[in-house]
Each structure stands twice: as structure tokens, then as C-alpha cells.
Amino acid sequence: MKNVKLHLLVLGLIIISEFIGVISIPIGIGTIVLLPMLFAMILGVFLTPKFLNIAKQKEMDDASSLIGLTLMLLMAKYGTNIGPTLPKILASSPALILQEFGNLGTVLFGVPIAVYIGLKREAIGGAHSIAREGNVALIGERFGLDSPEGEGVLGVYIVGTVFGTIFVGLMASLLAAYTPLHPYSLAMASGVGSASMMTAGVASLVAMFPEMEEMLTAFGATSNMLSGLDGIYMSIWLALPLSERLYKKFYKLKYGELPEPPVTREIKEEK
């Protein structure tokens, strides 16, 4: 009962967002789909102390602590779609496994751009993954969150939390409208290891292809589960070493010298 105000605010946002409904914007041969989730997030920003100050810092902190619980309920719902479609998912298992290598795209694109705009070892922490909880823990254990790598991963984590859902939802709509990629492949790609991002991507696809709802949610949920399971090992064995090598290469190209070696937690403890 101590969070009555918070629950009422959330209920109000849900009612307003559902009243707005799904907005489809035809563009050329495709359509961009704006979902109620997007409107709820935008409206929620204006309730914070930075704007209307309706939601106090305490409500914001309490809401953050409840995100994990609500996402668990959401994933349980998605799990009910995996069972009936299991034969088709197993038939697509090679594609589900191989698409995990797409996570390395953050390294190949992120590190060169980060070094180019002037970041140092923050580039490694920020670009080795999409910086979800497991990746934050990995960087914290390897370098410490007070290190440049820790600052990088936390920066991307915060940006992903605020804008990731909006970005993935819009990206799924655009790719479905303007590319020949199959909706199933886009549903798989939405499962990046973040339940909220996956939900936004799959919801956009379901709005465009309602007849495929069961399979889209099943592929998205399965891909997201696999990303959560093997994503950390992908980071340890491939993404982090590749980030280090690319960082050294592009640092030398820009500054004409090799960067300083990393300072790991073990070195800090020895000092």
C-alpha cells in the first residue's frame, strides 16, 4: 500500500497509452508502427522531477526495483508460446545459434567509432556488447566499475535502458517494411538479451503481421533466452578480446602510438 501513488501513476499511463492505441504511419511501401509502450515511456519521462515533478525520486527508485518482477511475468507468458511451437523452433536451431554471432556487430561498429570521437578505454566497456546486466557484471569483475571500462559499460547500460526499447521497436518496423528480411529473422534479432527490447521489437512485428503472432513471440523469446545464456560466454571468449585488439589498432591509427595497458582489478588489488 505504500506505493499506491506509483501504481496509480502507472495505471494512468497505461490507460492513456492504450487510449492512443497503435499508430501506423505509411511510408512508401512499408509502415512504421508506434506502439502504446512507446507512448507510455515518453509520457513517463514528463512525470519525473526534471519536468512536471509528479513522480518523486522515491517513486522512480521503487519503480526501478519492480521492473525485474514484471519482466519475469512477461517472460513466463512468452514461455507458453514456446511449447506449442517447439518443433519449428528446433528445426530453426542452427539459425538461432548462428545469429548469436551478430552480437559481435557492436564491437566491429562501436570500437572504431568510439575511438574516432575521442574515447579511450571506455570504448572497450561500452562497445563489447549491448551492456546488459551480465555484461556490466563481467566488466565489473574484470576491471572494476570505477575504471574507464566500467564507465563505458555503465554509460551504454543507462542509454540502452532509456532509449533501447524505442530504438529496437522502430528498427524492427523499418526493417520489416523496407527489407526482404523475413519477420521470423527479425523476431530472432530482437532477442538481444533484454526482455524489454525484445518485447518492443516483437510487438512491432506482431502489429504488422498479426497472423504470425504465435511464432514471432516464440522465436523472439527463445532467441532472447539463448542470448542471456551464451551471451556472457560470447563476451568473455570473443567480444572482449576482439574489442582489445580493435582498440589497439584504431588507437594507433589515430594517435600514432600504442595505448597504455589495461588496469585490471587484480593489478589494483596488488597496488
Handout entry: Test result for Leu174, in contact with a strand residue (DSSP E or B) (Cβ under 7 Å, 6 or more places away or on another chain) and of a type outside the set (S, T, N, Q)
Key = yes
Handout entry: Hits in the range 177-222 (condition: among the small types (Gly, Ala, Ser) and over 13 Å from Ile130 (Cβ atoms))
Key = Ala177, Ser185, Ala187, Ala200, Ala203, Ser204, Ala207, Ala218, Gly220, Ala221
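Restricting to the range 124-138, name every residue that is surrounded by 18 or more Cβ atoms within 10 Å (Cβ to Cβ) and either of a type in the set (Gly, Ala, Ser) or part of a loop (DSSP other than H, G, I, E, B) (or both).
Result: Gly125, Gly126, Ala127, His128, Ser129, Ile130, Ala131, Arg132.
Where in the range 139-221 are there helices (runs of 4 or more DSSP H), lying fully within it, with 3 or more residues that are touching a Leu at 6+ places or on another chain (Cβ under 9 Å) and within 16 Å of Gly126 (Cα to Cα)?
It comes to 148-178.
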Handout entry: Of residues in the range 222-259 being without any contact (Cβ under 8 Å) to a residue 40 or more places away in the chain and not in a helix (DSSP H, G or I), the one farthest from Ile139 (Cα to Cα)
Key = Gly256
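Read-outs throughout are calculated quantities, based only on the coordinates presented, and are distinct from any laboratory measurement. Since the model is a prediction, treat every value here as computed from it, not as a measurement. Glycine also receives a Cβ, built like all others from the backbone with ideal geometry; neighbour counts cover every protein chain displayed.
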